[in-house]
Structures are given as structure tokens and as C-alpha cells.
Protein chains: 2
Amino acid sequence: MKLSDAQLKEFDELGYLFLPGCFSPEEVAVLCDEAERIYASQRQEVWREKTGAPRTAFAAHTYNEAFRLLGSHPRLIEPLEQVFGEQLYMHQFKINAKAAFEGDVWQWHQDYGTWARDDGMPEPRAMNIAVFMDEVMPINGPLMIIPKSHKHGTLAAAHDLETTSYPLWTLDKATVTELVAEGGIVAPTGKPGAVLMFHGNIVHGSAGNITPYPRRIVYLTLNAVSNHIRKPTRPEWIAHRDFAPIEPVDDDALLRYARSYKMAAE
Amino acid sequence: MKLSDAQLKEFDELGYLFLPGCFSPEEVAVLCDEAERIYASQRQEVWREKTGAPRTAFAAHTYNEAFRLLGSHPRLIEPLEQVFGEQLYMHQFKINAKAAFEGDVWQWHQDYGTWARDDGMPEPRAMNIAVFMDEVMPINGPLMIIPKSHKHGTLAAAHDLETTSYPLWTLDKATVTELVAEGGIVAPTGKPGAVLMFHGNIVHGSAGNITPYPRRIVYLTLNAVSNHIRKPTRPEWIAHRDFAPIEPVDDDALLRYARSYKMAAE
């Protein structure tokens with residue numbers, strides 16, 4: 001999947017790009033089934049909310065076939081290779097749950113702030129590309145983005161160890177207020193299978209989810225190979241040390257797996 | 001202000017009615033100014049979030065002129081007199097802040113559940129009518145309503161003393177899931193000055209607000225005089241004991257006050 005010049009320009013200006021309908025219902029269904037199996041397991045890679053509900057599962061592409069195929073999928077890898085002009089490796093991979101009723105807040109932050117401070121990543125030449133596994137609605141804790149905030153570089157942040165179960169370098173209210181006055185807030189919503197890519201310095205967050213609608217999103221953090229991390233402090237399954245370039249699978253690889261999976265279940 | 005037959009029918013079927021544009025920007029401005037003065041005061045009627053941000057201010061109609069006029073306003077009193085077919089008194093009056101960045105969740109609940117259990121109110125012949133003081137957006141913690149849930153009477157609930165600073169009789173996940181499967185969820189949004197009335201047994205809640213946009217709403221809880229509470233357990237400023245019928249002020253009373261207030265400030 002290749003981005004058009006207009007899309008690349010939009011991404012440069014706003015710091016994000018929303019691409020509905022990238023994955024089919026069949027492809028998404030197998031990811032949802034497998035995510036539930038992973039959340040139910042007792043692996044160290046599965047982090048939980050203070051209530052015990054799943055919050056995020058790391059590194060599923062290393063131990064689950066469906067997510068391995070997603071982690072090398074050309075519809076995700078190619079657009080980011082276009083932006084960075086080189087091959088990529090997987091810096092982080094996670095399935096965020098934002099569980100029905102219990103999904104907790106993610107305070108306002110820049111991803112690159114954490115990658116730089118905690119992992120020793122030299123430049124913001126990495127970014128997240130997300131796949132919606134459930135319908136993301138205004139009411140179930142959508143990701144909120146401050147457009148254009150990526151133009152401000154890496155902003156001062158404080159290490160929040162209190163608010164949720166996940167440590168995060170978060171921005172203060174004055175900074176967020178200023179950025180929102182300039183760029184507003186967007187909360188892309190849409191059906192399962194939509195893809196959202198956003199710059200490593202874009203400021204984003206999400207509120208809690210008190211609805212009965214889960215809001216699962218897979219995040220691939222892809223880093224330019226030349227920009228590999230230099231001073232990791234977090235476990236290998238949170239900030240990977242395998243810097244080998246990803247070779248994309250065939251475009252129909254996940255679909256074929258979904259069909260064989262379904263046949264095996266019948 | 002009188003409701004049409006179609007509006008009364010809609011209210012009966014869905015359990016709520018949303019009426020944009022009921023109060024003018026001039027009228028809302030004086031309420032906002034006065035709300036900030038009240039939140040900044042150290043009165044016992046002002047409750048705070050765990051962070052210290054204001055959560056709600058009770059009984060402002062008893063100690064503030066602008067809110068006294070709002071609490072007797074014909075645009076709020078008359079529609080509810082129509083529904084109940086008799087005169088009303090003020091059971092509770094509060095200004096909910098849902099403060100920027102810090103506004104916390106209100107878990108799913110029915111108001112009448114609390115009025116019955118804590119105040120000894122005989123029947124659900126009371127209800128809330130709300131006035132938006134800020135723009136209510138999908139992203140700043142709008143009130144979420146489960147349409148038609150008022151048809152189920154008073155549902156079993158548990159007393160939640162943990163989640164927030166405010167004790168509340170809340171519903172369990174299975175009940176909410178069933179009700180949402182039937183009625184869905186609506187989150188009425190709109191400009192300051194909009195009015196939202198909802199049945200005492202409608203199930204509703206709201207998520208937290210992490211945006212820089214405050215979301216203040218005034219709630220009048222109006223009770224039919226014949227349905228006055230019998231066994232109050234909460235302080236007088238939370239569940240009033242003055243059952244005298246409200247005599248509505250003139251329709252322009254708040255506007256005139258807003259203009260004199262502005263002149264005094266100049």
C-alpha cells in the first residue's frame with residue numbers, strides 16, 4: 001500500500017493520517033479472537049489495569065502467528081518506509097485493550113519522549129501505526145490527537161508513575177492548553193480495520209471507557225533501522241533489540257491465515 | 001416554555017429530551033462567572049475531586065442571586081410541571097464541573113435510586129433538568145444516556161464509595177450491557193445554553209475529562225410537591241426540606257440580572 005503525494009503532505013502538516021477500511025472483517029476477526037486468548041493468559045507481557053482488566057499486551061508478534069503476520073504486513077510497513085525512506089524494524093508492538101467499563105486513561109504524551117528518554121532512540125524517525133480491532137466511537141475512549149503538535153519537537157515532560165498502571169512521560173496542563181489552542185483536538189473514529197498513523201512527536205492521549213463497548217487497538221511502533229535504540233533500559237519485550245529489517249509478507253497472508261484458522265475451528 | 005405533544009411523547013418513549021438554545025450567551029455568561037466564584041470558595045457545599053479540582057457545588061440557588069433566578073426559571077419549571085401535572089419544589093441543585101484535565105467519571109446510575117434509598121422519596125415523580133454552561137463535546141466527558149432504560153423501574157444497585165469522591169448507587173456491568181443492547185447510548189452535545197431533561201429512572205453516566213475544555217452543567221432536581229421526601233439521611237443542602245412550591249420568575253429575569261451585573265462590573 002502506497003501513500004499519495006497528497007497524503008504524504010497531509011501527514012507532514014497535521015502529523016497524522018487516518019485510513020479507513022485497510023483490513024477486512026475476516027482479517028480483523030482472527031486478530032480479535034487471538035487477542036482475547038492472549039489477554040486471558042498469564043504472560044509477563046500482559047499488563048493489567050488497577051482493576052485487573054487487561055490494559056496492554058506486548059510483543060504478540062513474537063509469539064502469535066496472526067500478530068506475526070500483522071507485524072510484517074505490507075499495508076503497514078510500506079507507508080512508513082515511504083515516510084522514512086529506508087527499511088524498518090519493530091521497536092515495540094502492543095495490543096491496547098481499553099476494556100469495556102474498565103479501560104483507564106492514557107494521559108497526554110508524545111511517544112518519542114519515552115523512546116528517547118527510556119530507550120536511547122537518537123531521532124524521532126520511528127512512529128506508531130495503529131489498527132482498529134473494534135469500532136472506535138466518540139464514547140468508548142477514542143485516541144485523541146492534537147494536530148500539528150509534532151512541529152514543536154520533544155517537549156518537557158514528567159514521569160507519571162501514579163495515574164495508571166503504566167509509567168508514562170506526560171505533558172503538563174499549560175503545554176497541552178497551548179497546543180490545543182493552536183491545533184484543536186481530533187478523535188478519529190471508525191469501523192474495525194481502519195488504520196491510523198501518527199508522528200512520534202504528536203501529542204495524544206485517551207480518556208477512560210465506561211461503556212460496554214471494548215476499544216482494542218494494535219499499535220506497531222516501527223523504527224528506521226539506522227535509528228536503532230542505543231541505551232535500552234526497558235525489557236526486550238517492551239523495547240526490542242532485534243534491529244533486522246522487516247521483510248513484508250504477501251498482502252493476502254493474513255487473509256489466508258484467517259481462512260485456515262476458521263476452517264480449523266469448524 | 002411549554003413542550004409540544006410530540007415532545008412529551010418523545011420524552012415518554014426515550015426518557016429524555018434535548019432542547020438546544022434555551023438560554024442566551026448573555027444569560028450563560030453570568031452563570032459561568034458566578035460558578036467560578038463559588039468553586040473558588042471554601043463552602044461545605046463545594047465538593048472536590050481526589051485531585052482537589054471542583055467536582056460539584058450544591059445549593060447555589062440558596063446563596064447566589066444568578067442561580068436563584070435559574071432555579072425558578074420558567075423555561076425549566078414549566079416543562080416539568082407539564083410532565084408531573086402539579087407544582088414542584090427543589091429537591092437538589094448542583095453545578096457539576098467536570099473540570100478540564102481533572103473531571104472524573106460518574107459511573108452508570110439512576111438518580112431515583114439514590115433519592116429513594118437515601119432520601120425516602122416515594123415515587124419517581126422527580127427529575128433532573130440540566131443547563132449546559134460550556135459547550136458539551138464528544139471529547140470533554142459528555143453525559144451519556146441509555147434511551148428507554150427508564151422503562152425498567154428502579155434497578156438493583158450497589159453503593160460505590162471508592163471510585164470517586166462522591167458516593168453513588170451504581171449499576172453492575174451485566175445490567176448496563178443488557179440495557180445498552182436494547183437502547184444504545186446517546187451523548188447529547190451542544191452549545192452553552194442547551195437544556196437536557198431526563199427521567200429519574202434513566203440510566204446515565206459520564207467518563208472523565210482529560211481535555212483543556214471544562215464541561216460545567218447545572219442540574220436542577222425538581223420534585224412534585226406531593227412526592228416530597230419522607231426519610232432524609234443527607235444534609236439539608238444536598239436533599240432539601242423546603243417543600244414550598246416554586247413560583248417561577250419572569251422569563252427575562254435572568255437576562256435583566258445579567259445586564260445589571262455587567263454594568264456593575266464596568
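The values are calculated or read from the model by the stated rules, or taken from the named source; none is laboratory data. Only a predicted model underlies this, so the values are computations on that prediction, with no experimental measurement involved. For neighbour counting, all protein chains shown are included, and Cβ atoms are generated from backbone atoms with ideal geometry for every residue, glycine included.
Things to note:
A quick yes/no check of all residues on (1) of a type in the set (S, T, N, Q); (2) farther than 30 Å from A:PRO188 by Cβ; (3) outside any helix (DSSP H, G or I):
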{"site": "B:GLN107", "(1), (2), (3)": "yes, no, yes"}
{"site": "B:ASN140", "(1), (2), (3)": "yes, no, yes"}
{"site": "B:LYS151", "(1), (2), (3)": "no, yes, no"}
{"site": "B:ALA156", "(1), (2), (3)": "no, yes, yes"}
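- Restricting A:THR163, A:THR114, A:THR175 to residues that are under 27 Å from B:PRO138 (Cβ atoms), of a type outside the set (Phe, Trp, Tyr), in contact (Cβ under 8 Å) with a residue 12 or more places away in the chain and not in a loop (DSSP other than H, G, I, E, B) narrows the list to A:THR175.
- Of all residues making up the range A:142-153, the number that are over 25 Å from A:GLY52 (Cα atoms) and either among the aromatic types (Phe, Trp, Tyr) or crowded, with 21+ Cβ neighbours inside 10 Å (or both): 4
- Test result for B:ILE129, over 23 Å from A:GLY208 (Cβ atoms) and free of Cβ contacts under 8 Å to residues at least 60 places away in the same chain: no
- Number of the exception - A:MET263 against (1) in a loop (DSSP other than H, G, I, E, B); (2) modelled with pLDDT under 95: (1)
- Restricting attention to the range B:207-216, the residues being more than 8 Å from every other protein chain (Cβ to nearest Cβ) and outside any loop (DSSP other than H, G, I, E, B) number 0.
- Test result for A:TYR112, among the aromatic types (Phe, Trp, Tyr) and surrounded by fewer than 22 Cβ atoms within 10 Å (Cβ to Cβ): no
- Residues of the range A:188-211 classified as farther than 27 Å from A:ALA116 by Cα and out of contact with any Lys or Arg (no Cβ under 7 Å at 6 or more places or on another chain), total: 8
- Qualifying residue in the range B:92-107 (condition: touching a residue at least 60 places away in the same chain (Cβ under 8 Å) and farther than 25 Å from B:PRO212 by Cα): yes
- Looking only at the range B:180-206, and only at residues there that are β-branched (Val, Ile, Thr) and in contact with a Phe, Trp or Tyr (Cβ under 7 Å, 6 or more places away or on another chain), the one that is farthest from the other protein chains (Cβ to nearest Cβ): B:ILE202
- Note on the range B:86-105: residues that are part of a loop (DSSP other than H, G, I, E, B), touching a strand residue (DSSP E or B) at 6+ places or on another chain (Cβ under 6 Å) and over 25 Å from A:ALA207 (Cβ atoms) amount to 1.
- Across the range A:222-244, the number of residues qualifying as within 19 Å of the chain's Cα centre (by Cα) and either assigned to a loop (DSSP other than H, G, I, E, B) or surrounded by fewer than 20 Cβ atoms within 10 Å (Cβ to Cβ) (or both) comes to 13.
Residues checked against (1) among the aromatic types (Phe, Trp, Tyr); (2) in contact with a Leu (Cβ under 6 Å, 6 or more places away or on another chain); (3) farther than 20 Å from B:ALA194 by Cα; (4) away from chain A (no Cβ under 14 Å):
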| residue | (1), (2), (3), (4) |
| --- | --- |
| B:LEU80 | no, yes, no, yes |
| B:ALA97 | no, no, no, yes |
| B:ASP118 | no, no, yes, yes |
| B:ILE129 | no, yes, no, yes |
| B:MET144 | no, no, no, no |
| B:PRO147 | no, yes, no, no |
| B:SER165 | no, no, yes, yes |
| B:GLU178 | no, no, yes, no |
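- Considering (1) away from chain A (no Cβ under 14 Å); (2) crowded, with 17+ Cβ neighbours inside 10 Å, the lone condition that B:ILE139 does not fulfil carries the number (1).
- Subset of the range A:67-102 [crowded, with 21+ Cβ neighbours inside 10 Å and aromatic (Phe, Trp, Tyr)]: A:PHE67, A:PHE93
- Condition met for B:ASP134 (within 21 Å of B:VAL203 (Cα to Cα) and among the charged types (D, E, K, R)): no
- Residue within the range A:113-127 that is hydroxyl-bearing (Ser, Thr, Tyr) and at pLDDT below 95 present: yes
- For the range B:58-78, the set of residues classified as under 22 Å from B:GLY21 (Cα atoms), small (Gly, Ala, Ser) and under 14 Å from the mean Cα position of the chain (by Cα) consists of B:GLY71 only.
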